[in-house]
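What follows is a single structure, written as structure tokens, with notes after it.
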Amino acid sequence: MTTQLQQTLLDWFAANGRDLPWRRTRDPYRVLVSEIMLQQTQVERVIPKYHAFLELFPSVVELAAAAPAEVIRAWQGLGYNRRAINLQRAAQAVVEAGYPADPSAFPSTPAGLRDLPGIGAYTAGAVACFAFERDVAFMDTNIRRVVRRLSVGPETVPPEPREAELLAHAERLVPPGQGWSWNQAIMELGATICTAAKPQCWRCPLREHCAAYQVWSTADSQVELLPQTPRRRKAAEVPFQQTNRYFRGRIVDALRAAPPQTALSLAELGPLVRPEWTSEWLPWLAKLVTGLANDGLVAWISQHGSELAHWSVALPE
Ligand code: SF4
């Protein structure tokens, strides 16, 4: 039996949920692709890439058999390239286990999915729920924020609940038999109304049931209790263009832009990665490339001799 809170959100989602392509399927491969793409990438950017990726790799079998370089090229524009390699490794594990001849070789439980390479707790829960319709709780940033506000109160008011405590709240909220709709609904609310910096409580269907709203609506100074804006939070952060993650992305982009099966020497690669390039940066570049090679995103073609400038690298074919 659903509570009033649960029914209210389910009704709101039925009337307001966006029609997203991965909400029209229960194919575990397609759900897995969408969930990996949606980590750290916005829905609008994911939609065209999702369709293009599935054109290239229509099933888990095609993805498992592809050259890693092809998969990395198909990931262009999504960022966090390591996700592409993890996705392919998960596909390979599923196929090696006997899928699709044995449909049960695609794990359907959170625990089974977590055994796949590169699949974390969130993705395992999401695939178990959105592909296999299991009534499980899992938390990404949006779900965590909504559950916290709904069940505990504003995140600006201590104490900060432990992760296990929040997950227990999330589990209690899942209506039996309706986990798919519930988890889609709570994610949708977090993405569109209960946003990080500016929750729009005035149009939220859960206002009457929400612990944070009770605090905000009765506080003398609501402003102090509202979340910090992203601008304030980012003030002390290092600019993204100075981070190793940025330069790792530049290296993969440069190799992606090269004709297939083309290796670049570090001397050729360097100026494509840093406009202010000098040979003094060679050890730094070699270290970044080694990290990418360890992650399976690039492959050393030649590492002979002490002349780093002549070492060469390509996408893994
Ligand atoms: S009432 Fe406000 S804080 Fe509570 S769930 Fe809705 S938008 Fe979020």
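Each reported figure results from applying straightforward, stated rules to the coordinates on display, with no laboratory input. Nothing here was measured: the structure is a model prediction, and the numbers come from that model. So basically every Cβ, Gly included, is an ideal-geometry build from the backbone, and we count neighbours across all protein chains shown.
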Taking the Cα centre of the chain as the origin and placing charges on Cβ (Lys, Arg +1; Asp, Glu -1), which of Ala219, Asn16, Val127 is farthest toward the positive end of the dipole?
Ala219
Which order do peptides 99-106, 209-216 fall in by mean Cβ count within 10 Å, highest first?
209-216, 99-106
About the Cα centre of the chain, what is the dipole size in debye to 20, counting +1 per Lys and Arg Cβ and -1 per Asp and Glu Cβ, all else neutral?
640 debye
Segment 20-114: trypsin sites (Lys or Arg not before Pro) falling in loop per DSSP and having at most 16 other Cβ within 10 Å:
Arg24, Arg26
Could you size up the charge dipole of segment 240-314 around its Cα centre, putting +1 on the beta carbon of Lys and Arg and -1 on that of Asp and Glu, and report it in debye to the nearest 20?
240 debye
Percent relative contact order for the chain, counting Cα pairs under 8 Å at least six residues apart, stands at 17 percent
Final fewest-first order of Ser306, Ser108, Ser279 on the 10 Å Cβ neighbour count is Ser306, Ser279, Ser108
Name the shape class, rounded, prolate or oblate, that the alpha-carbon gyration tensor gives for segment 240-314, where a ≥ b ≥ c are the square roots of its eigenvalues, rounded holds for a/c under 1.5, and otherwise prolate holds if a/b is larger than b/c and oblate otherwise.
rounded
Specify whether the C-alpha gyration tensor of the chain places it in the rounded, prolate or oblate class, a ≥ b ≥ c being the square roots of the eigenvalues: rounded for a/c under 1.5, otherwise prolate if a/b is larger than b/c and oblate if not.
oblate
Between the residues Ile36, Ile85, Val60, the Cα farthest towards the positive end of the dipole of the chain, that dipole coming from +1 and -1 charges on the beta-carbon of Lys, Arg, Asp and Glu, is from Ile36
Restricting to DSSP loop positions (anything but H, G, I, E, B) with no more than 14 other Cβ atoms inside 10 Å of their own Cβ, which trypsin sites (Lys or Arg not before Pro) remain in segment 136-213?
Arg162
